[in-house]
Amino acid sequence: MRSGRFPAFLSTILKNKLTYRVASLALRCFGGRMCPYQLAAAKGVISELGDAYSARKPVIFASAFVPTEIVYGLGAVPYLPEMWSGFAAAFGVSERGIDESEAKGYSQDLCSFHRCHLGLEELSLLPRPSAIIVSPHLCDGGRRSLYAHSVSAGCPFYVIDVPYVMTDSSVRWLSLQVERICEDISRRVPGLGLDRMGRAIENSNRARKIYLDVCQLRRNEPAPWSGSEALNYVFAFLSGWGSEWLIELYESLANVLKHRIEESRYPVPQERLRLLWLNLKPYYKSSLFEYLERSGVSIAFEEYSYVYWPEMDERRWAEGIAIKMLTNFGWGPIERRLDAVWKMVSDYQVDGVVQFDQWGCRQSNGGGRVLADFLREKGIPFLELDGDAVDPRNSSLAQALTRLQAFVEVMDARRQQARGAHLLSSLTRITQERGRDQQDDHRWN
Ligand code: SF4
């Protein structure tokens, strides 16, 4: 996998139109063997990769928290470099990408999602962007690394400045920026315009409505969807809003989950404990999730799958996008993230919370201490698991497993304590009721 020829070969494959024809044909012939939502996702990804690498449509690179509705609305294909670093890890090429970027002098302190895609560019594995939009409100590293891509591609680079607090004037200021940026891109990039914006917002609202049903279904005990698979689908949650394929994906996912619940077919049938997972996960092969499933622990929900924004008005699309960005609970005072985490803890009835502390991720790790104090006060066990989602050399699996095992024991003990306390209070209630009945009998006799 790490031979010098591999990336060159991969680059030829990615840039060959035939690849996407063959892949679509294979999906038509053999897709029936896949789960319907997996098929919808695969079709969406292949069609977009085909559009991007064969330059059928202009490509807009966007950092992870830019609402992709504006990219679909402009008529372009969104390409989220961080997301493709995750795919590179899954396909075993992330280490090559990281080595390349470090050889160019990028600091090891930069999150590996960014280091990896900077290296993938060196290896000619990225499509060519026509424009780049960055919103650094949650992730400051994204602004700098995507700027480097804009310099090498020689394309326009836009930074959306998201105000820290949500007020009427911040919504106005942000929607004006979004509108101006989209107008400018549509003037500078041939083939793009604003006429599909309403449609993209409509698609996003439809997908959101169906997705809320998916979230409702995921409250079921036992959990109907494997959390480690759901964490893979964060890519769709970050990059599909505004597209048609996201609607199809969520529709099929809702149907599959409904059937699983009706037929009691669960990924962890003997579920004993439920977890909320914060931030991302290792995207290379890791046995952490197998261990959890074997131990009867489900990941009931993930932070990055949480819908925090309201429905948008197609006619006032820029305002809708501004509100979507401003309501991100990872932005603004930490209390917003605490409220969102607590809502997820309560909605999904979890026994504990794990935060995957991605190396170099300040937006998530920075709040770890406050979150730990908050959850301790509420009596919810919390674990910060250090690791690297993209670079397997920067994680110790043995250490992570030991810490997870200890954490599962803590959750077990807490559950038993709660059961014991419940039993004691039931016994006390029964004894008191009996005592009252005996007194009544005595009075009547
Ligand atoms: S993990 Fe954190 S630092 Fe890395 S890309 Fe995501 S938000 Fe940015």
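The values are calculated or read from the model by the stated rules, or taken from the named source; none is laboratory data. Since this is a predicted model, take the numbers as computed values, not measurements. Because the Cβ atoms are built from the backbone with ideal geometry, glycine has one as well, and the counts that use them run over all protein chains shown.
Is it the case, given these coordinates, that Arg415 is more than 21 Å from Phe329 (Cβ to Cβ), in contact (Cβ under 8 Å) with a residue 12 or more places away in the chain, in a helix (DSSP H, G or I) and more than 27 Å from the chain's Cα centre (by Cα)? Here the answer is yes, as Arg415 does meet what is asked.
The condition (being more than 24 Å from Trp241 (Cβ to Cβ) and under 25 Å from the mean Cα position of the chain (by Cα)) is satisfied by just one residue among Leu14, Leu49, Leu74, Leu80: Leu14. The conditions of being touching a Pro at 6+ places or on another chain (Cβ under 7 Å), of a type outside the set (A, V, I, L, M) and under 30 Å from Leu194 (Cα atoms) are met by Tyr53. Quick check, is Ser130 hydroxyl-bearing (Ser, Thr, Tyr), away from the ligand (no atom under 11 Å from the Cβ) and farther than 29 Å from Asn328 by Cα? No; evaluated as a whole, the condition is false for this residue. Taking the numbered list (1) away from the ligand (no atom under 16 Å from the Cβ); (2) more than 22 Å from the chain's Cα centre (by Cα) in turn, Ala207 passes all entries but (2).
The helices (runs of 4 or more DSSP H) found wholly in region 151-262 and carrying at least 2 residues that are of a type in the set (S, T, N, Q) occupy 168-188, 197-217, 227-232, 245-262. Summed over region 362-409, residues that are among the aliphatic types (A, V, I, L, M), away from the ligand (no atom under 14 Å from the Cβ) and either within 23 Å of the chain's Cα centre (by Cα) or assigned to a loop (DSSP other than H, G, I, E, B) (or both) total 10.
Among the residues making up region 196-209, a single one is surrounded by fewer than 19 Cβ atoms within 10 Å (Cβ to Cβ) and closer than 15 Å to Asn255 by Cα: Lys209. Checked against (1) more than 16 Å from the ligand (Cβ to nearest atom); (2) more than 22 Å from Arg208 (Cβ to Cβ); (3) of a type outside the set (S, T, N, Q); (4) buried (at least 18 other Cβ atoms within 10 Å of the Cβ), Glu263 meets all criteria but (4). With respect to the conditions (1) at pLDDT 95 or above; (2) buried (at least 16 other Cβ atoms within 10 Å of the Cβ), Ser228 falls short on a single one, namely (1). Restricting Glu48, Glu82, Glu69 to those that are away from the ligand (no atom under 15 Å from the Cβ), in contact (Cβ under 8 Å) with a residue 24 or more places away in the chain and touching a helix residue (DSSP H, G or I) at 6+ places or on another chain (Cβ under 7 Å) reduces the list to Glu69.
Yes or no, residue by residue, for (1) modelled with pLDDT of 95 or more; (2) of a type in the set (Ser, Thr, Tyr); (3) touching a helix residue (DSSP H, G or I) at 6+ places or on another chain (Cβ under 9 Å):
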site	(1), (2), (3)
Ser264	yes, yes, no
Ser295	yes, yes, yes
Ser298	yes, yes, yes
Glu303	yes, no, yes
Ala318	yes, no, yes
Phe329	yes, no, yes
Lys343	yes, no, no
Ser346	yes, yes, no
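Evaluation of Leu110 against the conditions (1) among the hydrophobic types (A, V, I, L, M, F, W, C); (2) under 24 Å from the mean Cα position of the chain (by Cα); (3) away from the ligand (no atom under 13 Å from the Cβ) shows that the sole unmet condition is (3).
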